[in-house]
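K.L.:
Pasting a structure here, questions to come.
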Amino acid sequence: MYTSYQSSAQQRFQQIAQLNEKVFHIDDLARIWQISSKNTLRVTIHRYIKKGWLFKIYRGFYSIVPFEKLDPLFLGVKALHQFAYVSTESVLAEAGIIMQLPSKITLISAESRQYTIGNYEYQSRKLQDRFLFNSVGINNTGEYKKASIERAVADLLYYNSKFYFDNYSLIDWQKVNELQEIIGYPGG
């Protein structure tokens, strides 16, 4: 019986490894492992956590690597479990365009939400689908999507047209205006 359990567990983790993903929501694991019983799924996950094969980020959200080894930007985007990208203050602070570091990692998605994972605080700003799914100025880092400087400026101006930029000269305003027009932002 133990060999059967061991073999089954190995198969499950081979399935995960083939996906090249680090984090999973509980419904993802149910689908991947084809476990329809919520109780069986929870017991299985609990056993894998005890063995150190799976790590709990929070209820219903798990990782195959320890939480501390995950990029906080990647973690924030994945926690939303929908299309999202890093933008606004997080991108602009990193680029030196705003001097005050944001207290929260800022994301754009289809929902407005604030949440905390470990020591990281996140703020997701809601953006209408017609703007959100326009990929102009959004780069794929390999693990998550992140706005270019110009897209982050355009996004921030969409939310606050009077925002003050500390290093105004680091912004390519022609590109920002072009992006605003292509995306369809008001005033662009």
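K.L.:
Please identify, among GLU150, GLU121, GLU94, the residue showing maximal mean-square fluctuation in a Gaussian network model of the chain using a 10 angstrom Cα cutoff.
P.N.:
Between GLU150, GLU121, GLU94, it is GLU94 that shows the largest mean-square fluctuation.
K.L.:
Please give, to one decimal in nm, the separation of the simple spin-label points placed at GLN82 and GLN14, each 7 Å out from Cα toward the Cβ.
P.N.:
Reported label-point gap for GLN82 and GLN14 is 3.7 nm.
K.L.:
Let me ask something else. What is the percent of Cα-Cα separations in the stretch 5-90 that go past 15 Å? Write down the numbers at each step before the final one.
P.N.:
Values: 2170 of 3655 pairs.
Of the Cα pairs, 59 percent sit more than 15 Å apart.
K.L.:
Another question about this same structure. What ratio of Cα Rg to 2.2 N^0.38 Å holds for the stretch 36-84?
P.N.:
Details: Rg = 12.0 Å, N = 49, 2.2 N^0.38 = 9.7 Å.
Ratio of Cα Rg to 2.2 N^0.38 Å: 1.25.
K.L.:
Quickly work out the HIS46-to-ASN167 label distance, labels modelled 7 Å from Cα along the C-beta direction, and quote it in nm with one decimal.
P.N.:
5.2 nm
K.L.:
Grab the Cα-Cα distance for MET99 and GLU178, subtract it from 0.36 nm times how many residues apart they are, and report the gain in nm with one decimal. Don't skip to the answer; put the middle values down first.
P.N.:
Numbers: separation 79, 0.36 × 79 = 28.44 nm, distance 2.52 nm.
The span from MET99 to GLU178 would gain 25.9 nm if fully extended.
K.L.:
I'd like the Karplus ³J(HN,Hα) series for the stretch 96-109: coefficients 6.51, -1.76, 1.60, θ = phi - 60°, whole numbers in Hz, and an x wherever there's a Gly or Pro.
P.N.:
x, 7, 10, 8, 7, 5, x, 6, 10, 6, 9, 10, 10, 7
K.L.:
Something else: When only DSSP loop residues count, what trypsin sites (Lys or Arg not before Pro) in the stretch 81-188 have their Cβ near at most 15 other Cβ atoms within 10 Å?
P.N.:
Numbers: sites: LYS104, ARG113, ARG125, LYS126, ARG130, LYS145, LYS146, ARG151, LYS162, LYS175; in loops: LYS104, LYS162.
Here the trypsin sites (Lys or Arg not before Pro) that fit, given the DSSP loop and packing criteria, are LYS162.
K.L.:
Take the Cβ-Cβ distance between LYS69 and ASN139 as r, set R0 to 25 Å, and report the resulting FRET efficiency rounded to the nearest 0.05.
P.N.:
On the way: r = 23 Å, r/R0 = 0.92.
My answer for the efficiency is 0.60.
K.L.:
What do you get for chymotrypsin sites (Phe, Trp or Tyr not before Pro) in the stretch 148-188 restricted to DSSP loop and a cutoff of at most 15 other Cβ within 10 Å of the site's Cβ? Working shown, then result.
P.N.:
Numbers: sites: TYR158, TYR159, PHE163, TYR164, PHE165, TYR168, TRP173; in loops: PHE163, TYR164, PHE165.
For chymotrypsin sites (Phe, Trp or Tyr not before Pro) across the stretch 148-188 that sit outside H, G, I, E and B with at most 15 neighbouring Cβ atoms in 10 Å, the list reads PHE163, TYR164, PHE165.
K.L.:
Kindly give Rg over Rh for the chain, based on alpha-carbon atoms, with the Kirkwood expression for the hydrodynamic radius. List each step's numbers first, then the result.
P.N.:
Values: Rg = 19.9 Å, Rh = 18.4 Å.
Answer for the chain: 1.08.
K.L.:
Follow-up question, since we're still on this one. In nm, give the distance between the simple-model label positions of ARG59 and ALA110, each being 7 Å from the Cα along the Cα-to-Cβ direction.
P.N.:
Modelled inter-label distance: 2.5 nm.
K.L.:
Rg and Dmax of the stretch 72-183, using alpha carbons, in Å: what are they?
P.N.:
When restricted to Cα atoms, the stretch 72-183 yields Rg and Dmax of 13.1, 39 Å.
Read-outs throughout are calculated quantities, based only on the coordinates presented, and are distinct from any laboratory measurement. Small disclaimer: the values here were computed from a predicted structure and weren't measured. All Cβ positions, even for glycine, are placed from backbone atoms using ideal geometry, and neighbour counts span all protein chains on display.
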